[in-house]
Amino acid sequence: MGGSQSVFDEQELDDYQENPFKDRITKVFSSQGDGSMTFEDFLDMMSVFSDSAPKNVKVEYAFRIYDFDEDDIISSKDLKEVVNRLTVPSESGCKVFLSAG
Ligand SMILES: [Ca+2]
């Protein structure tokens, strides 16, 4: 207590704008489950993303972010969505699709 620490610097905020998982992040931390965030939701998100958050908490939220269909399983379908989001340049229209199997 007593120390002050910036949560995000300007570069981190720019990076968030380009984050391919920002819709999942806001949905996972939304207490309503619809992507809308209360101030408490926002504080929870900042807490989890802080360097001092325990790794098990970070892992739990990472799992929820990557579990796109929210069935509590990271399936090949979820992993394909992760890869597609990481490999698709947002403005080029070029998209890589993986097939199951
Ligand atoms: Ca899933």
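Coordinate-derived values only; no laboratory data. Please read these numbers as outputs of a predicted model, since none were measured by experiment. Cβ coordinates were reconstructed from backbone atoms using ideal geometry, including for glycine residues, and neighbour counts include every protein chain displayed.
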Checklist line | Set of aspartates and glutamates near Lys80 by C-alpha distance (under 13 Å), chain-local residues within fewer than 8 positions excluded | finding: Asp67, Asp69
Margin query: For a protection proxy built on the mean count of beta-carbon atoms within 10 angstrom, sort 47-55, 26-34, 72-80 highest first, please.
Written below: 26-34, 72-80, 47-55
Check: Label Lys58 and Asp9 with points 7 Å out from Cα along Cα→Cβ: what is the distance between them in nm?
Finding: 1.8 nm
Checklist line | Rounded FRET efficiency, nearest 0.05, which uses the C-beta distance separating Val83 from Glu40 and R0 of 22 Å | finding: 0.10
